[in-house]
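The values are calculated or read from the model by the stated rules, or taken from the named source; none is laboratory data. The structure displayed is predicted, hence computed values, not measured ones. Cβ placement follows ideal geometry from the backbone for every residue including glycine, while neighbour counts extend to all protein chains displayed.
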Amino acid sequence: MIAEGFRLLPHLVEPLLAQPGHAVWLLPTPRFRRAAFDSRGTAWDIPNKTSDPERALRNLLERDRMFTDRLFQETKRLELPVIEIDTATSEDELVGQVTRAFGL
């Protein structure tokens, strides 16, 4: 399983795995997360509904960073594989990293 996004919490998925190596979590760097928002054109959707859009966006990105940190800590505690995704990671590099994570 490739887990991406905030809904597949490691402590909920881990008991369902036959082996820890049957899943890998893709965790974005803050730079990747910001680039993803920008590329979708949704970075300002929520912040623009506030009285201080720039602060709201900073807070939103900080919340996501904190949650990603939590996921990273939880995967490490449970000894589950993680791949950190950054804007410099190409699709081919990511495929290679996932392949290696699954021992293929």
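What the table shows:
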item: Any pair with Cβ under 6 angstrom, 6 or more apart, that starts in the range 45-70 at a residue that is within 20 Å of Phe6 (Cα to Cα) and ends at one that is among the β-branched types (Val, Ile, Thr); result: Ala56/Thr50
item: Index of the failed condition, Ile83 passing every other in (1) under 13 Å from Pro30 (Cα atoms); (2) of a type in the set (A, V, I, L, M, F, W, C); (3) at pLDDT 95 or above; result: (1)
item: Any hit, the range 35-49, residues being touching a helix residue (DSSP H, G or I) at 6+ places or on another chain (Cβ under 7 Å), aliphatic (A, V, I, L, M) and modelled with pLDDT of 90 or more; result: no
item: Count of the range 3-44 residues which are free of Cβ contacts under 8 Å to residues at least 60 places away in the same chain, small (Gly, Ala, Ser) and touching a Leu at 6+ places or on another chain (Cβ under 9 Å); result: 4
item: Near pairs, Cβ below 6 angstrom, 6+ apart or cross-chain, from the range 79-101 (farther than 21 Å from Gln19 by Cβ) to any residue that is part of a helix (DSSP H, G or I); result: Ile85/Phe32; Asp86/Phe32; Thr87/Arg31; Thr87/Phe32; Thr87/Ala35
item: Scan of the range 25-42 for residues that are under 19 Å from Glu4 (Cα atoms) and of a type in the set (Gly, Ala, Ser), ordered by number; result: Ala35, Ala36, Ser39
item: Selection count, the range 3-42, where residues are surrounded by fewer than 15 Cβ atoms within 10 Å (Cβ to Cβ), farther than 21 Å from Leu61 by Cβ and small (Gly, Ala, Ser); result: 2
item: 3 or more residues among the aliphatic types (A, V, I, L, M): qualifying strands (runs of 3 or more DSSP E) within the range 1-94; result: 24-28, 82-85
